[in-house]
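Q: Below: one structure in structure tokens.
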Amino acid sequence: MSRDVTATTPLEKGPPKIGKPKSVAAGIPAIISTAKHGFRQIGAFGSIFKFSKVNKFDGFDCPGCAWPDPDERRTFAEFCENGAKAIADEGTRKRAGPDFWQKWSVSELSKKSDHWLNGQGRITHPMILRPGATHYEILLWDDAFQIIASSLSSLSHPDEAIFYTSGRTSNEAAFLWQLLARRLGTNNLPDCSNMCHESSGVALNESIGIGKGTVTLDDFNHADLIIVVGQNPGTNHPRMLTALRDAKRNGASVVSINPLREAGMGRFKHPQNPLEVLGSGTIIADAHVRVRINGDMALFRGFAKIICEQNSEDGQFIASFTEGFDAYKEAVDNTEWSDICNHSGLSMEDIQNIGESISQSKSMIVCWAMGLTQHRNAVQTIQEIANVCLLGGHIGRKGAGLCPVRGHSNVQGDRTVGIDHNPNSVFLDAIDTEFGISSPRTSGSDSVQSVIRMLDGDSKVFISMGGNFISAMSDTNVTAKAIQNCELTVQVSTKPNRSHLITGEMAMILPCLGRTEYDGTGIGKQFVTVENSMGVVHKSIGTSKPASIFLKSEPDIIASIGNSLDEITQKREVDWMGLASDYDKIRECIERTVPGFESYNSRCREDGGFYLPNPPRDAREFTTDSGKAKFIVNRITSVESDSDKFVMMTIRSHDQYNTTIYGLDDRYRGVRGGRRVILMSKSDMLNNGWKELDSVSITSHFMGKEISSDGWYLMPYDIPPGNVATYFPESNELIPLDSVADRSNTPTSKSVHVSIDIST
């Protein structure tokens with residue numbers, strides 16, 4: 001029986017209201033927004049209690065972004081506006097219990113917006129959508145585990161199962177998750193990294209021997225120049241603005257490189273500092289470089305050219321710690337300024353002004369996010385940034401380094417403890433020795449490959465540890481068809497989302513504890529650990545009463561699936577329930593299998609946790625095949641479009657976190673009451689005879705394939721001509737599944753060729 005469900009959020013009834021974009025981030029509006037969300041969702045007392053525990057040594061890690069906390073001191077309010085929204089959203093008093101799922105069919109729910117779905121509250125019971133059914137019904141936990149285990153054991157091959165992971169999954173749960181997959185016999189472990197910083201990992205592993213950044217939070221206090229490229233801290237990592245403010249006060253210059261001028265890189269008023277809130281605040285960016293979408297690789301090649309022309313490279317560092325300099329310098333010398341300017345969309349003068357600062361810098365940090373990672377040439381672009389940092393010796397030096405800024409609170413930790421579709425043999429050998437299993441050695445499927453497997457009928461069971469895969473993935477409607485090909489789909493979740501409605505023949509929702517909630521087992525209170533963007537592993541202890549007595553922790557859910565599977569297959573290599581009852585035992589397993597976790601249980605209990613080893617940062621050691629950092633030569637490229645088309649990038653609003661929509665406003669960009677806007681330059685609108693809030697359709701174009709989407713409204717904005725921006729997840733349906741970054745296979749969400757037509 002086919003269910004009449006819709007994979008995309010419904011069209012809005014009319015255009016939003018458009019106002020003037022803000023030039024100041026945070027301040028009094030942030031205080032008001034924080035209080036409004038907190039009081040509305042969890043009440044005044046609940047807000048005070050929860051907010052007092054977030055990011056504290058004895059509290060829980062913010063379930064939002066992965067920006068690090070100070071090592072030694074914590075303020076009373078160690079959180080930002082968006083963190084407060086995430087906490088309030090999880091702690092809401094609303095409940096989506098069995099009566100909710102009885103009232104609404106999946107078809108009816110699919111016609112509701114993502115904002116509405118998220119607003120229905122916490123899921124309280126395990127639920128099942130049986131084959132042919134239109135409504136979810138209540139399910140016993142033991143029955144759920146038996147059904148899942150039976151489905152997994154009945155597969156003709158382990159690769160018919162897919163184990164997806166969200167970046168909010170703890171280290172302990174992630175470790176058990178990868179163990180479950182490999183105990184079954186598959187490396188099909190796609191995760192949200194595949195959609196965001198996979199390009200960073202691939203690029204940096206080749207350049208410096210580690211797929212992580214090389215800075216600490218304290219380095220920001222010692223930098224003389226900080227480059228923020230392809231990133232919007234004010235919306236996506238608001239606490240980073242505090243680090244940038246402090247850096248400015250210590251004498252650093254800050255440069256913003258972005259097609260959009262964002263409020264967070266303008267003036268910042270720290271909402272927890274009364275003098276700043278009432279005063280003028282701090283100007284963050286000394287310069288804004290309005291690069292064309294995907295012009296960043298050419299721009300950094302221009303910076304390299306200036307460094308080489310002025311002979312300002314760090315010759316001693318280059319000679320001692322790198323290889324490939326001569327070939328790279330030759331490539332730089334042979335790159336024409338006309339090509340650099342054409343690809344970047346900037347003048348030679350604009351590039352030289354910033355290049356001069358870079359060439360003179362003694363301690364430079366370069367930060368980036370998905371504005372760089374989601375292009376066809378993302379890996380090459382990040383390697384060009386690494387090249388520029390190598391030229392100046394900005395690795396392994398105080399106040400300097402590479403800083404990919406992660407989005408999810410533990411997306412880095414998940415990868416560290418084994419969530420990887422392409423694991424290394426050393427880790428697999430350690431897992432096999434620890435548990436007496438035989439892990440598969442063939443690579444598994446990433447997120448895009450998983451969709452293709454399901455489309456082709458090669459995978460039949462899809463289990464998601466958190467997240468909202470339908471809304472997060474590219475090519476939404478194709479992804480939906482893939483999911484619907486499955487026999488069983490399982491979502492471990494806290495609140496209703498679209499992935500509960502676009503399902504396989506049979507579907508389950510397994511409600512889990514949130515990060516803020518008390519987690520206790522038969523032996524007492526438990527805690528989990530996470531890793532932030534800068535490699536610090538620390539504990540997170542939930543303190544709030546769980547939303548329902550029927551919730552289970554993520555480790556308990558995973559272990560129960562594994563235990564049920566072992567009962568069916570009569571294999572007993574793993575003491576699943578023993579691990580789930582005492583998270584110290586999980587951490588002991590991690591310590592024995594993952595380098596850098598020595599004395600894990602004692603060190604994670606220390607205030608602030610501990611740093612994982614980072615050879616480039618710690619000792620200028622590079623674990624490449626040659627033992628040296630590598631200058632990597634790539635031909636500069638950029639995405640260009642025909643004269644009748646535009647290049648579209650997807651962005652977040654200020655009132656969302658990834659696929660979770662908190663509200664329909666974007667305060668910083670001046671949008672109220674709607675999300676289906678296209679940010680476009682005034683000159684492009686004028687040249688086409690279009691005006692503000694014209695209703696239009698968008699069509700993407702890739703390799704002869706076209707995808708159309710209706711119900712969008714034009715909005716004039718400060719963005720380079722030929723470029724446009726739209727909010728995701730609404731515009732994810734326009735990103736072709738096959739349009740991916742070279743070698744990282746990340747969807748090219750920032751490089752979509754589109755045409756725009758006035759609606760009739």
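The values are calculated or read from the model by the stated rules, or taken from the named source; none is laboratory data. Keep in mind that this is a model prediction, so the values were computed, not measured. So basically every Cβ, Gly included, is an ideal-geometry build from the backbone, and we count neighbours across all protein chains shown.
Q: Give me the pairs: first residue in segment 671-693 and more than 15 Å from His654 (Cα to Cα) and free of Cβ contacts under 8 Å to residues at least 60 places away in the same chain, second residue charged (D, E, K, R) and surrounded by fewer than 18 Cβ atoms within 10 Å (Cβ to Cβ), beta-carbon distance under 8 Å, and six or more apart or on different chains, which are they?
A: Within 8 Å, the pairs are Ser681/Asp718; Met685/Lys691; Met685/Glu692.
Q: Assess whether Val528 counts as being in the same structural domain as Ala173 (by TED's automatic domain parsing) and either surrounded by 24 or more Cβ atoms within 10 Å (Cβ to Cβ) or in contact with a Cys (Cβ under 8 Å, 6 or more places away or on another chain) (or both).
A: no
Q: Is it true that some residue in segment 608-615 is more than 30 Å from Leu565 (Cβ to Cβ), of a type in the set (A, V, I, L, M), part of a loop (DSSP other than H, G, I, E, B) and at pLDDT 95 or above?
A: The answer is yes; a qualifying residue exists.
Q: Related question: Consider segment 66-108. How many of its residues are part of a helix (DSSP H, G or I) and among the β-branched types (Val, Ile, Thr)?
A: Summing the residues that are part of a helix (DSSP H, G or I) and among the β-branched types (Val, Ile, Thr) in segment 66-108 gives 2.
Q: Still on this structure, please answer the following. Looking only at segment 712-760, filter to residues that are touching a Pro at 6+ places or on another chain (Cβ under 9 Å) and of a type in the set (Gly, Ala, Ser); which one of those is farthest from Ser200 (Cα to Cα)?
A: Ala725
Q: When you go through (1) in contact with a helix residue (DSSP H, G or I) (Cβ under 8 Å, 6 or more places away or on another chain); (2) surrounded by fewer than 19 Cβ atoms within 10 Å (Cβ to Cβ); (3) assigned to a loop (DSSP other than H, G, I, E, B) one by one for Gln146, which number turns out not to apply?
A: Of (1) in contact with a helix residue (DSSP H, G or I) (Cβ under 8 Å, 6 or more places away or on another chain); (2) surrounded by fewer than 19 Cβ atoms within 10 Å (Cβ to Cβ); (3) assigned to a loop (DSSP other than H, G, I, E, B), only one is false for Gln146: (3).
Q: Report, ordered by the first and then the second residue, all pairs with beta carbons closer than 7 Å, sequence separation of six or more or different chains, a first member in segment 181-194 that is in a helix (DSSP H, G or I), and a second member that is among the small types (Gly, Ala, Ser).
A: Short answer, once both residue conditions are applied: Arg182/Ser439; Arg183/Gly562; Leu184/Ala161; Cys192/Ser166; Cys192/Gly167; Cys192/Gly467; Cys192/Ala472; Asn194/Ser447.
Q: For residues that are part of a loop (DSSP other than H, G, I, E, B) and either within 15 Å of Val411 (Cα to Cα) or outside the structural domain of Gly436 (by TED's automatic domain parsing) (or both), tally how many sit in segment 155-180.
A: 5
Residue-by-condition table, conditions (1) modelled with pLDDT of 95 or more; (2) touching a strand residue (DSSP E or B) at 6+ places or on another chain (Cβ under 8 Å); (3) part of a strand (DSSP E or B):
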position: Arg675; (1), (2), (3): yes, yes, no
position: Ile678; (1), (2), (3): yes, yes, yes
position: Ser683; (1), (2), (3): yes, no, no
position: Glu692; (1), (2), (3): yes, yes, no
position: Asp710; (1), (2), (3): yes, yes, yes
position: Pro721; (1), (2), (3): yes, no, no
position: Val724; (1), (2), (3): yes, yes, yes
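Q: Output yes when any residue across segment 378-392 is in contact with a helix residue (DSSP H, G or I) (Cβ under 7 Å, 6 or more places away or on another chain), acidic (Asp, Glu) and surrounded by fewer than 21 Cβ atoms within 10 Å (Cβ to Cβ), and no when none is.
A: No, segment 378-392 contains no residue that is in contact with a helix residue (DSSP H, G or I) (Cβ under 7 Å, 6 or more places away or on another chain), acidic (Asp, Glu) and surrounded by fewer than 21 Cβ atoms within 10 Å (Cβ to Cβ).
Q: Here is a further query. Go through segment 111-133 and give me each residue that's farther than 18 Å from Cys486 by Cβ and either assigned to a loop (DSSP other than H, G, I, E, B) or of a type in the set (Val, Ile, Thr) (or both).
A: Lys111, Lys112, Ser113, Gly119, Gln120, Gly121, Ile123, Thr124, His125, Pro126 - these are the residues of segment 111-133 that are farther than 18 Å from Cys486 by Cβ and either assigned to a loop (DSSP other than H, G, I, E, B) or of a type in the set (Val, Ile, Thr) (or both).
Q: While we're on this one: So which residues in segment 541-556 are within 16 Å of Asp582 (Cβ to Cβ) and of a type outside the set (D, E, K, R), if there are any at all?
A: Residues satisfying the conditions are Ile541, Ser553, Pro555.
Q: Follow-up question, since we're still on this one. How about segment 544-605: which helices (runs of 4 or more DSSP H) wholly inside it have at least 3 residues that are charged (D, E, K, R) and in contact with a helix residue (DSSP H, G or I) (Cβ under 9 Å, 6 or more places away or on another chain)?
A: Filter on segment 544-605 gives 554-569, 583-593.
Q: Output the residues belonging to segment 538-558 that are in contact (Cβ under 8 Å) with a residue 60 or more places away in the chain and out of contact with any Leu (no Cβ under 6 Å at 6 or more places or on another chain).
A: His538, Lys539, Ser540, Ile541, Gly542, Thr543, Ser544, Ala547, Ser548, Phe550, Lys552, Glu554 - these are the residues of segment 538-558 that are in contact (Cβ under 8 Å) with a residue 60 or more places away in the chain and out of contact with any Leu (no Cβ under 6 Å at 6 or more places or on another chain).
Q: Tell me, which strands (runs of 3 or more DSSP E) wholly within segment 250-336 include 3 or more residues that are at pLDDT 95 or above, on the phi < 0 side of the Ramachandran plot and not small (Gly, Ala, Ser)?
A: 253-257
Matching residues to (1) within 26 Å of the chain's Cα centre (by Cα); (2) at pLDDT 80 or above; (3) of a type in the set (Gly, Ala, Ser):
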site	(1), (2), (3)
Ser2	no, no, yes
Gly14	no, yes, yes
Lys17	no, yes, no
Lys20	no, yes, no
Ser33	yes, no, yes
Lys50	yes, no, no
Phe57	yes, yes, no
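Q: With the requirement that a residue be under 24 Å from Asp224 (Cα atoms), buried (at least 17 other Cβ atoms within 10 Å of the Cβ) and hydrophobic (A, V, I, L, M, F, W, C), what does segment 314-360 give you?
A: Phe317, Ile318, Phe321, Ile351, Ile354, Ile358, listed by residue number.
Q: Only one of (1) crowded, with 24+ Cβ neighbours inside 10 Å; (2) in a helix (DSSP H, G or I) is not met by Glu206, so which one is it?
A: Just one mismatch for Glu206, condition (1).
Q: For the structure I just gave you, tell me whether Asp684 is closer than 30 Å to Glu313 by Cβ and acidic (Asp, Glu).
A: Taking the combined requirement at face value, the residue does not satisfy it.
Q: Within segment 106-162, can you find the residues that are out of contact with any strand residue (DSSP E or B) (no Cβ under 7 Å at 6 or more places or on another chain) and charged (D, E, K, R)?
A: Across segment 106-162, the qualifying residues are Glu108, Lys111, Lys112, Asp142, Asp143, Asp159.
Q: Just one of (1) on the phi > 0 side of the Ramachandran plot; (2) buried (at least 21 other Cβ atoms within 10 Å of the Cβ) trips up Gly132, so point out which.
A: (2)
Q: Determine, yes or no, whether Val574 is β-branched (Val, Ile, Thr) and in contact with an Asp or Glu (Cβ under 9 Å, 6 or more places away or on another chain).
A: yes
Q: If only one of Ile358, Ile351, Ile419 is modelled with pLDDT of 95 or more, closer than 30 Å to Thr660 by Cβ and β-branched (Val, Ile, Thr), which one is it?
A: Ile419
Q: Let me ask you something else. Evaluate the following for Gly295: is it surrounded by 16 or more Cβ atoms within 10 Å (Cβ to Cβ), touching a Leu at 6+ places or on another chain (Cβ under 9 Å) and touching a residue at least 40 places away in the same chain (Cβ under 8 Å)?
A: It is true that Gly295 is surrounded by 16 or more Cβ atoms within 10 Å (Cβ to Cβ), touching a Leu at 6+ places or on another chain (Cβ under 9 Å) and touching a residue at least 40 places away in the same chain (Cβ under 8 Å).
Q: From the list Pro233, Pro259, exactly one residue is touching a residue at least 12 places away in the same chain (Cβ under 8 Å), more than 25 Å from Asn614 (Cα to Cα) and crowded, with 24+ Cβ neighbours inside 10 Å. Which is it?
A: Pro259
Q: A further question follows. Which residues, taken from segment 288-332, are among the acidic types (Asp, Glu) and more than 25 Å from Pro615 (Cβ to Cβ)?
A: Asp296, Glu309, Glu330
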